Amino acid sequence: MTRQVAIVGAGPAGLLLGHLLRAAGVDCVIVERASADYVLGRIRAGVLETCTTDLMHKLGIDARMNAEGLIEAGFNLADGERLIRIDITALTGRHVTVYGQTELTRDLMEAAPERGLEIIYEAGDVALHDLEGDAPYLTYTKDGAVQRIDAQFIAGCDGFHGPSRKAIPSGAVREFERVYPFGWLGILADVPPCHPELIYSNGPRGFALASMRSATRSRYYIQVPLTERLEDWPEERLWDELALRFDPISERGVTRGPALEMSIAPLRSYVFETMRHGRLFLAGDAAHIVPPTGAKGLNLASSDVIYLSDALIGFFRDGNESALVGYEARALSRIWKAERFSWFLTKLMHRFPEDGPFEHRMQIAELDYVASSQAMQTAIAENYVGLPL
Ligand code: FAD
Ligand code: DHB
């Protein structure tokens, strides 16, 4: 099979890129290791910036998001006792949308056939070849047979553990990494949210986040040590913990219900510099990871894909490599600012095992400053809604 662009990975980055390229008449295919159901079973992002919702509008794959997405005009930081509301609409004139990654992914997957976007699921042993020449190709196994896709370009949208980043020789790159000494234990349940807007709380029992998917579906997270296992957290233990953290500060208190999903995600900041090697371009979590505090990961995948689709469409329109040159610099400029914000909010809102009472007082003083300073609230709000493209 020969295509103009072969995309590795059918997460948000790969699906959005595939749709944008198809809408411009570029011939592309997506190769995904997992099944569609497996991809849809991963519960991840919940908060979308306008860079992501605008992309869905532009693609015209927005009917369900328009109907079901929750427009959020503000969110809250809490020091365990009081809520500090960040009025993002008053401070920035903008908003964020609560619409789950699962739903966005489902919309993009379902729209693929009618738009001629081919997705090959359950492709094993995906490998990238001849990236430095002008005839790169992918190989993979499907139904026991080795398949090959020749392409002019390969887009590595295969997340943090995929093969694309690893195909770049180590001499050509720089890596920047901070691994945090805790993870987030998440629960999804069909119960009404405890509060009308999100609450990120740094209380005496550690970090917790109260989020939602709809008026009847809640998503909560708490900070847990990396040594903790899911088996250590029967549902009732988690609900008890959430009630201790949110009952005193939320409008309605925590409603309990059977878990639809529970999982533990580690926290990491990571940037891989270079996002281009020959005919391979990286986008999304394949090139960078942010800790989830601040809700930036999927939204950064969207901005990468906006820049990358511009570059590739420019190349196919003019046949000129110069369109491709600016991709990495444009993407990295926005990535590093989102890395900074996610790191700042992670440090402000979590209990670090190595920290003592002094560091904790610094967090409390900083939250107190946020509560009293419109300038500080504006800085937080403009990062939370997403910096300009
Ligand atoms: P992925 O979603 O990881 O997709 C990569 C795809 O590549 C996957 O489908 C994978 O199966 C596939 N793949 C991997 N290996 C191979 C292979 N060998 N061959 C073929 N395919 C392969 N972000 C936000 O913006 N807002 C939030 O509120 C938010 N909350 C989060 C909460 C949690 C708990 C977590 C864990 C993440 C959160 N994120 C959030 C981050 C967001 O989920 C990710 O940044 C986003 O999924 C990145 O999309 P991606 O397409 O780059 O990578
Ligand atoms: C959700 C996840 C986040 O990382 C975040 O910052 C806000 C909300 C969520 O899953 O709802």
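The values are calculated or read from the model by the stated rules, or taken from the named source; none is laboratory data. Because the structure is predicted, anything quoted here is derived from the model rather than measured. Virtual Cβ from ideal backbone geometry, glycine too; neighbours counted across all protein chains shown. To get the accessible areas, we keep the full protein, side chains included, count just its heavy atoms, and leave off ligands, DNA and RNA. Shrake-Rupley method; radii C 1.70, N 1.55, O 1.52, S 1.80 Å.
Counted as qualifying within segment 35-148 are the strands (runs of 3 or more DSSP E) with 2 or more residues that are within 16 Å of ligand 2 (Cβ to nearest atom), namely 70-72, 75-78, 83-86, 96-98. Considering segment 324-344, the residues that are hydrophobic (A, V, I, L, M, F, W, C) and open to solvent by 20 Å² or more (accessible area, probe 1.4 Å) include one that is nearest to Ala381 (Cα to Cα), namely Phe344.
In the condition set (1) part of a loop (DSSP other than H, G, I, E, B); (2) open to solvent by 20 Å² or more (accessible area, probe 1.4 Å); (3) near ligand 1 (Cβ under 9 Å from one of its atoms), Gly294 is compliant with all but (2). Evaluating Glu177 against the criteria (1) open to solvent by less than 40 Å² (accessible area, probe 1.4 Å); (2) assigned to a strand (DSSP E or B) leaves one unmet condition, (1). For segment 253-275, the criterion of a residue being of a type in the set (A, V, I, L, M, F, W, C), open to solvent by less than 10 Å² (accessible area, probe 1.4 Å), at pLDDT 95 or above and within 12 Å of ligand 2 (Cβ to nearest atom) is satisfied by at least one position. Has segment 77-99 got any residue that is polar (S, T, N, Q) and more than 28 Å from His195 (Cβ to Cβ)? No; the residues of segment 77-99 include none that is polar (S, T, N, Q) and more than 28 Å from His195 (Cβ to Cβ).
Each row is one residue, and each column tells you yes or no for (1) in contact with a strand residue (DSSP E or B) (Cβ under 6 Å, 6 or more places away or on another chain); (2) surrounded by fewer than 16 Cβ atoms within 10 Å (Cβ to Cβ); (3) not small (Gly, Ala, Ser).
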position	(1), (2), (3)
Arg22	no, no, yes
Cys28	yes, no, yes
Arg33	no, no, yes
Thr53	yes, no, yes
Ala67	no, yes, no
Thr102	no, no, yes
Glu110	no, yes, yes
